[in-house]
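Undergrad: Here's a structure for you.
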Amino acid sequence: MEAPSVETAARWIRDGGVAALTGAGISVDSGIPDFRSAGGLWERYEPSQYATIEAFRQDPDRVWRMLREMGDLIDAARPNAGHLALAQLEARGHLDAVITQNVDDLHQAAGAKRVIEFHGNARDIRCARCGERPAAPPPPDGVCAPRCACGGVLRPMVVFFGEPIPPGAFVEASEVAQKCRTMLVVGTSATVAPASLLPMLAKTAGARLIEINLEETSLSRIADLALVGRSATEVLPAILRALDA
Ligand code: APR
């Protein structure tokens, strides 16, 4: 028998119509620090200097220093039990889609099929000038931004602050949020719009919100079930076990 709150989560999931919204917290146990917890990426890199489209245009070499560190962490990361549990929920028909704010490809690596990349992804590298994909991946080391044959600077197709959400992902994620009966909100501080508005969109449309987070967030007081204080890497497999019981 799992904890009562896990049993409740499993019961709601059994009703079907489940979507997940994930943030950096689900990948912390895979070795990728999140952004805003102690020791998070934004403690080392001031977002206004490293994560905005303006910063990229003004000083791509500096932004690529952060991008390379993130790229190395992503390359070394493997899906953890949280990613695998969500992929299992989908495989067994208990989860319709994962909307992720993460760019680390770990949901796909865990076997998830329907992953909506709300903030783009780090694997797709293009030229900021001509839009072409380079024939070869950018050089692994080097202190400056990799360049395209046309002379433009290469960039990963992650969404920088100040850029729009990819329209296809925005429309699909909004539809999923409005149609789901239960939204699992996993490992996000729910502080960055418009992703942070998706749980409210779901709740307004009648969905139940289940929050899984190490800490309380602004969502915790509106969640119908707040599984707070335990890692997603523990809680998601526990929900899967409760579903199997
Ligand atoms: N299990 C569950 N939750 C966790 C875990 C874990 N093992 N580790 C950390 N968390 C929680 C933290 O408590 C925090 O609430 O995950 C959340 C991570 O929050 P952020 O670091 O703000 O990451 P996220 O919400 O994904 O940020 C949203 O902001 O910087 C931009 O584009 C970036 O996509 C990112 C967006």
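Undergrad: Output the 0 to 90 degree angle, nearest 10, between the alpha-carbon long axis of helix 167-179 and the longest principal axis computed from the alpha carbons of the chain.
TA: For 167-179 against the chain, the angle is about 10 degrees.
Undergrad: Per the Kirkwood treatment, what hydrodynamic radius in Å, one decimal, follows for the range 2-73 from the mean inverse distance over all distinct Cα pairs? Let's see the in-between values first.
TA: Numbers: mean 1/r = 0.0668 Å⁻¹.
In the range 2-73 this quantity evaluates to 15.0 Å.
Undergrad: Can you give the relative contact order of the chain as a percent, counting alpha carbon pairs under 8 Å and 6+ residues apart?
TA: Working: 448 pairs, mean separation 62.1, N = 245.
Worked out over the chain, it gives 25 percent.
Undergrad: In angstroms, what radius of gyration and Dmax does the chain have, counting Cα atoms only?
TA: 18.4, 61
Undergrad: If I fit a long axis through the Cα atoms of helix 60-76 and take the longest principal axis of the Cα atoms of the chain, what angle between them do I get, 0 to 90°, rounded to 10?
TA: Tilt of helix 60-76: around 40 degrees.
Undergrad: In addition: Please give the contour-minus-distance gain from L197 to F161: 0.36 nm per residue of separation, less the Cα-Cα distance, rounded to one decimal in nm. Write down the numbers at each step before the final one.
TA: Values: separation 36, 0.36 × 36 = 12.96 nm, distance 1.62 nm.
Using 0.36 nm per residue and subtracting the Cα-Cα distance, I get 11.3 nm.
Undergrad: Using a 1.4 Å probe on the protein chains only, how many percent of the accessible area of the chain belongs to carbon and sulfur?
TA: Heavy-atom surface of the chain belonging to carbon and sulfur, 1.4 Å probe: 54 percent.
Undergrad: Here's a follow-up. With every protein chain left in place, what is the accessible area of I212 in Å² (1.4 Å probe, nearest 10)?
TA: 0
Undergrad: Let's see if you can work this out: charge +1 on each Lys and Arg Cβ, -1 on each Asp and Glu Cβ, no other charges. What is the dipole magnitude of the range 129-245 about its Cα centre, in debye to the nearest 20?
TA: Details: 11 positive and 11 negative charges, 41 e Å.
I would put it at about 200 debye.
Undergrad: Oh, and also: Which value, in Å², gives the accessible area per residue of the chain when a 1.4 Å probe is used on the protein heavy atoms?
TA: Values: 11390 Å² over 245 residues.
Value for the chain: 47 Å² per residue.
Undergrad: List the trypsin sites (Lys or Arg not before Pro) in the range 88-155 that DSSP assigns to loop (not H, G, I, E or B) and whose Cβ has at most 12 other Cβ atoms within 10 Å. Which are they? Each step should come with its number before you reach the end.
TA: On the way: sites: R92, K113, R114, R123, R126, R129, R147; in loops: R92, K113, R114, R129.
For trypsin sites (Lys or Arg not before Pro) across the range 88-155 that sit outside H, G, I, E and B with at most 12 neighbouring Cβ atoms in 10 Å, the list reads R92, K113.
Undergrad: Please work out the C-alpha center-to-center distance from the range 120-193 to the range 1-77 and express it in whole Å.
TA: 13
Undergrad: Another question about this same structure. Helix-only mean residue ellipticity at 222 nm, the chain, DSSP H runs n ≥ 4 weighted -39,500 (n - 2.57), per residue, nearest 500. What is it? Could the numbers behind the result be given before it?
TA: Details: 10 runs with 90 residues, N = 245.
About -10500 deg cm²/dmol.
Undergrad: Which order do F35, F160 take when ranked by solvent-accessible area (1.4 Å probe, heavy atoms of all protein chains), largest first?
TA: Working: F35 60, F160 10 Å².
Accessible-area ranking of F35, F160, largest first: F35, F160.
Undergrad: Helix 81-91 versus the longest principal axis of the chain: what is the Cα-based angle in degrees, 0 to 90, to the nearest 10?
TA: Computed tilt is about 70 degrees.
Undergrad: Another question, if that's okay. Within the range 200-232, find all residues whose amide N lies under 11 Å from a label point positioned 7 Å from the Cα of Q178 along Cα-to-beta-carbon.
TA: Residues 202, 205 fall inside that zone.
Undergrad: Report the FRET efficiency, 1/(1 + (r/R0)^6), for A136 and Q58, where r is their Cβ-Cβ distance and R0 is 25 Å, rounded to 0.05.
TA: Working: r = 27 Å, r/R0 = 1.07.
Efficiency for this residue pair is about 0.40.
Undergrad: Of all DSSP beta bridges in the range 136-245, what percent run antiparallel (nearest 5)? Please report the intermediate quantities before stating the final value.
TA: Numbers: 1 of 10 bridges.
DSSP beta bridges in the range 136-245 are roughly 10 percent antiparallel.
The values are calculated or read from the model by the stated rules, or taken from the named source; none is laboratory data. Given the structure is predicted, the values throughout are model-derived calculations rather than measurements. Positions of Cβ are generated from backbone atoms using ideal geometry, with glycine treated the same way; all protein chains shown enter the neighbour counts. What goes into the accessible areas is simple: the full protein's heavy atoms, side chains included, and nothing from ligands, DNA or RNA. Shrake-Rupley method; radii C 1.70, N 1.55, O 1.52, S 1.80 Å.
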